[in-house]
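Only one structure is covered here, and it is reproduced in the block below.
The values are calculated or read from the model by the stated rules, or taken from the named source; none is laboratory data. Just so you know, these numbers come straight off a predicted model, no measurement behind them. Using ideal geometry, Cβ is built from the backbone for each residue, glycine included, and neighbour counts are taken over all protein chains shown.
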Amino acid sequence: MKKILLIICLMFLLTGCTANYELTYKKGYFTEEITIYEDKEVAKHEEFPSITNIKANSNKVKINEDSYYTIEHSTDEKNNILKATYVYKDLSFDKSLVYNDCFSEKSFVDGDESVYIYLGGEMTCEHLENATITFKTDKQVIKHNADKVKKGVYSWDSIPTDGIVIEVSKKNISKDANMIPPVIRIIIIAILLGIGIYILKKYNGVTD
């Protein structure tokens, strides 16, 4: 029953469902989040809507014998929404069902200074073929091939033919990492103050 989440997800194209896949690496550990949006109108005409199946079998949606995805249900005006979340506190993202069951080629390297992830090859989970895939981090990204990058958020509109590549440093970066270093800022401020004082003195000398 380990693969029940992915088996149910294969029904997406038949039940009017879409999905977003989000992987976050912050504070030294990974969080995985799969969000399913099921069109309410389409679901009315389906005998076994995907979200109903997951609700009935949520205790079987698990990483291993002792670890389960946390399942949350909600709705909006158009969709039934299911969110499956799991936190890998021991940095073992390679236990993920998506990592193991959706990609025919993959690599996860937990190095001394960085973490490297490659997801590629034949896609065996139809629901992810057109899903938006997002990687978020508060660390320095060393290498990536994302379609879009904005404030620590790396996103792929579709899976590239050469696969998804992301390598991220394990070291923390400050909020000012992309700004002027503090020492340089102090020097600039001192110079500006000096120029200001000089101009004021000169102006006062002229007026006197």
(request) Run residue 154 past the list (1) touching a residue at least 60 places away in the same chain (Cβ under 8 Å); (2) under 18 Å from residue 30 (Cα atoms); (3) not aliphatic (A, V, I, L, M) and report the number of the one that doesn't hold. (result) (1)
(request) Could you list, in sequence order, all residues of the stretch 154-164 that are within 13 Å of the chain's Cα centre (by Cα) and surrounded by 14 or more Cβ atoms within 10 Å (Cβ to Cβ)? (result) 154, 155, 156, 164
(request) For the stretch 65-109, enumerate the residues that are under 19 Å from residue 132 (Cβ atoms) and aliphatic (A, V, I, L, M). (result) 81, 82, 84, 97, 98
(request) For the stretch 84-117, name all the residues that are crowded, with 17+ Cβ neighbours inside 10 Å and either at pLDDT below 90 or at positive phi (or both). (result) 84, 86, 88, 93, 96, 97, 98, 99, 102, 103
(request) Of all residues in the stretch 157-208, count the ones that are of a type in the set (Gly, Ala, Ser) and either in contact with a helix residue (DSSP H, G or I) (Cβ under 9 Å, 6 or more places away or on another chain) or modelled with pLDDT of 85 or more (or both). (result) 3
(request) Would you mind stating whether residue 83 is part of a strand (DSSP E or B), in contact with a Leu (Cβ under 6 Å, 6 or more places away or on another chain) and assigned by TED's automatic domain parsing to the domain that holds residue 37? (result) no
